[in-house]
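For reference, the structure discussed in these notes is given below.
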Amino acid sequence: MNYPGPSDYIDIHNHGSKASPGIFTIETLMAHEGREPVDLEGITFTIGIHPWYLDEGNKGLLLEKVKELAGNPNVAAIGEAGFDRIRGASPFLQKEIFEEQVIISENCHKPLVIHCVRAWDELLTEHKRLRPKMPWLVHGFRGKPELAAQLITKGMYLSFWFEFVMRPESAPLLKSVPVDRIFLETDGADIDIRDIYEKVSSDLEIDEDLLKTRIYSNFCSFFDPPPPLKGGKNPLLWV
Ligand SMILES: [Zn+2]
């Protein structure tokens with residue numbers, strides 16, 4: 001697995017990433033796509049089953065694919081996995097396959113990236129019941145500060161929905177979330193992660209370089225254990 005540096009912009013959730021200097025990207029592989037993680041500078045991968053592309057007919061094959069790739073060194077996390085009450089498989093099947101992916105995440109010691117639309121009770125119930133040791137990241141978040149606080153209390157990280165985060169009205173939510181729990185993402189949209197960092201650092205009234213260092217530090221905590229770095233000194237110990 002490749003790792004970012006403290007001065008990189010980190011795009012924690014993307015689809016169709018292209019390598020770009022100074023930007024470190026997590027590319028999301030969805031099992032139904034049949035794509036493979038490859039060795040690419042500045043990019044690492046997640047593998048999961050998205051609730052939109054799941055049905056009773058393909059679930060066995062998709063699970064096999066996730067299990068097959070989970071241990072791949074270029075796969076950093078499992079997901080996106082989760083719940084969607086607007087679109088996708090039946091709630092029952094979504095739950096079954098989410099649980100399978102939590103087990104894979106725990107067994108391979110890699111964190112879980114979550115897609116959750118209007119199913120917060122289900123997500124929180126699963127977290128309580130399964131008591132995962134691996135951290136969970138809710139991507140595309142745009143809920144209320146109270147909901148954000150509830151998820152963070154459970155130890156989860158949040159990555160904000162790119163479109164919402166660029167709007168002025170997202171500032172109260174951004175300010176309500178501790179900086180050590182946030183990530184930023186483009187989610188495959190035609191938007192530059194650097195513009196998102198600029199907007200968020202301005203809302204948080206912190207220097208953009210500091211925001212980069214903080215999100216880098218979150219990256220290292222989320223992808224526990226931290227990577228051994230060349231030269232022996234691990235910046236985690238001082239960030
Ligand atoms: Zn996505």
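Side notes on the structure shown:
- Over the chain, the Kirkwood radius and the radius of gyration, each from Cα atoms, give a ratio Rg/Rh of 0.94.
- Here's the list of aspartates and glutamates a cross-link from K175 could span, going by alpha-carbon distance under 14 Å and ignoring same-chain residues fewer than 8 apart: E146, D203, E205.
- With the convex hull of its Cα atoms as the shape, the range 103-193 has an orientation-averaged projected area of 6.3 nm².
- Semi-axis lengths (Å, descending) of the ellipsoid that matches the C-alpha gyration tensor of the range 27-162: 22, 18, 14
- Comparing S17, S170, S202 in a Gaussian network model of the chain, where Cα atoms under 10 Å apart are tied by springs, the biggest mean-square fluctuation is seen for S202.
- Only helices reaching 18 angstrom along their own axis (Cα) with mean Kyte-Doolittle hydropathy no lower than -0.5 count here, and for the DSSP H runs of the chain these are 91-108, 208-222.
- Here the peptides 72-80, 91-99, 31-39 are ranked by packing, the mean other Cβ count within 10 Å, and the order with the highest first is 72-80, 91-99, 31-39.
- Over 21 Å between alpha carbons, listed pairs K67/K95; K95/K144; K95/K128: K95/K144
- Rounded to the nearest 20 debye, dipole of the range 9-237 from Cβ charges on Lys, Arg, Asp, Glu: 640
- Helix-only [θ]222 nm of the chain, DSSP H runs n ≥ 4, -39500 (n - 2.57) each, per residue, nearest 500: -11000 deg cm²/dmol
- Here's the list of aspartates and glutamates a cross-link from K18 could span, going by alpha-carbon distance under 18 Å and ignoring same-chain residues fewer than 8 apart: D8, E27, E33, E36, D39, E41, E185, D187, D190, D192, D195.
All of the numbers you see were taken from the coordinates with simple rules; none came from a lab. All values reported here derive from a predicted model rather than from experimental measurement. Glycine also receives a Cβ, built like all others from the backbone with ideal geometry; neighbour counts cover every protein chain displayed.
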